[in-house]
1. Convert each backbone phi in the stretch 115-125 into a coupling constant with the Karplus relation 6.51 cos²θ - 1.76 cosθ + 1.60 (shift: θ = phi - 60°), then list the ³J(HN,Hα) values in order as whole Hz, x for Gly and Pro.
2. What is the antiparallel percent of DSSP beta bridges lying wholly in the chain, to the nearest 5?
3. Given a 1.4 Å probe, how much area per residue of the stretch 181-260 is accessible, in Å²?
4. Once you keep just the Cα pairs under 8 angstrom separated by 6 or more residues, what percentage relative contact order results for the stretch 201-256?
5. Taking H as built 1.01 Å from N, whose amide H comes closer than 5 Å to the amide H of R122, not counting residues under 5 places away?
6. If I take every Cα pair under 8 Å that is 6 or more residues apart in the stretch 130-233, average their sequence separation and divide by the length, what percent do I get for the relative contact order?
7. Residues of the stretch 116-171: accessible area per residue at 1.4 Å, in Å²?
8. Rounded to a whole number, what % of the accessible area of the stretch 161-265 do carbon and sulfur atoms account for, probe 1.4 Å?
Amino acid sequence: MMTLRQVEVIRAVMVTGTIGGAAKLLNVSAPGISRLVKYTERSLGIRFFQRQNGRYFPTPEAQNIFEQINGVYKKVDDLTEIISKIGHGALSELRIGSVPSISQVMVPRAIERVRRRYPELRIDINILKIEEAVDYLLLGRGDCVAMSYRLDHSGLDFLPLASGELFCIVPDGHELAGRKQVSAAEIIRYPLIGIDPTDPYGRIMAEIFARKKLNYDMTIRARFGTTVCALVKAGLGIAVIDQFTVAHGDFPGIKLLRIVEPTQFDTYVAVKHGAPLSLYIEHFIKCLRSEMQAGGLARNATQKPPSRIPRK
């Protein structure tokens, strides 16, 4: 049997036609090449080359061997190409679902980091409501879903992303715009825009009022947090919104006020229970977690982001 090293050396001599050329191709010493060629010929009982004027030519009996060696190298080249493609993501697709509050700012920032790492990876992004995540994962339509709420479902695993908090948002020029913080009792004095409180995401927003047993009038309801922000910017009311929707100054024209009451909530990535995660999914989750734990509020909030946001 020939070792891979012997195959490599014999082919190098065949390609270059000289011991010196083979040594330069393989970046080793010429005497080492010469010794290995002689040893291989002696151990196999086959003469691979005949020497003429300092050059090495394949012997007639070695032609079939050289054809096989070239075949081996073609397979190695194919393997190397496939490994390279996998390393760049060319043969795979990352299928991501996300609730709207995370998809607007955080997911694109995470995807930008994924694209830098895997420039040829195909990416499919779906914006889902929380209740749509179950079918999306269990029916194999996607690989993971970024969520602002944890479901009780035996078919799903939930990986922690980050903790966030809620803010009161008001349009520029509003009488509250100069404030640094506001209480839930003060918020309900103004026309409110928000998500339906029966919606899992909407319940997160409504919880600050429910805990205080405060009645409020939601004059305008919208499905997505981004729509709520646009309505507030238009001066149609104020709202309670999560920090990830308004991260990184994505909505100029509105002011963020901290809420006196505790408003912390947790976010997750949901995956199918027991399903193996590809390196692309793992890298996306790592990037998304990093972006969300950073908070993205440095240029938005009237104070620094709260220290209670944990680093996971």
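1. Each residue of the stretch 115-125 in turn: 5, 4, 6, 10, x, 9, 6, 7, 10, 10, 10 Hz.
2. Details: 23 of 40 bridges.
Of those bridges, close to 60 percent are antiparallel.
3. Values: 3480 Å² over 80 residues.
Spelled out: the 1.4 Å probe surface of the stretch 181-260, per residue, equals 43 Å².
4. Numbers: 21 pairs, mean separation 17.1, N = 56.
That works out to 31 percent.
5. S92, L94
6. Relative contact order for the stretch 130-233 comes out at 25 percent.
7. Values: 2550 Å² over 56 residues.
The answer is 46 Å² per residue.
8. Numbers: 2270 of 4430 Å².
For the stretch 161-265, the apolar C and S fraction of the accessible surface comes to 51 percent.
The values are calculated or read from the model by the stated rules, or taken from the named source; none is laboratory data. Small disclaimer: the values here were computed from a predicted structure and weren't measured. Note: ideal-geometry Cβ built from the backbone for every residue, glycine included; neighbour counts use all protein chains shown. The accessibility values were calculated without ligands, DNA or RNA, using every heavy atom of the protein model including side chains. Shrake-Rupley method; radii C 1.70, N 1.55, O 1.52, S 1.80 Å.
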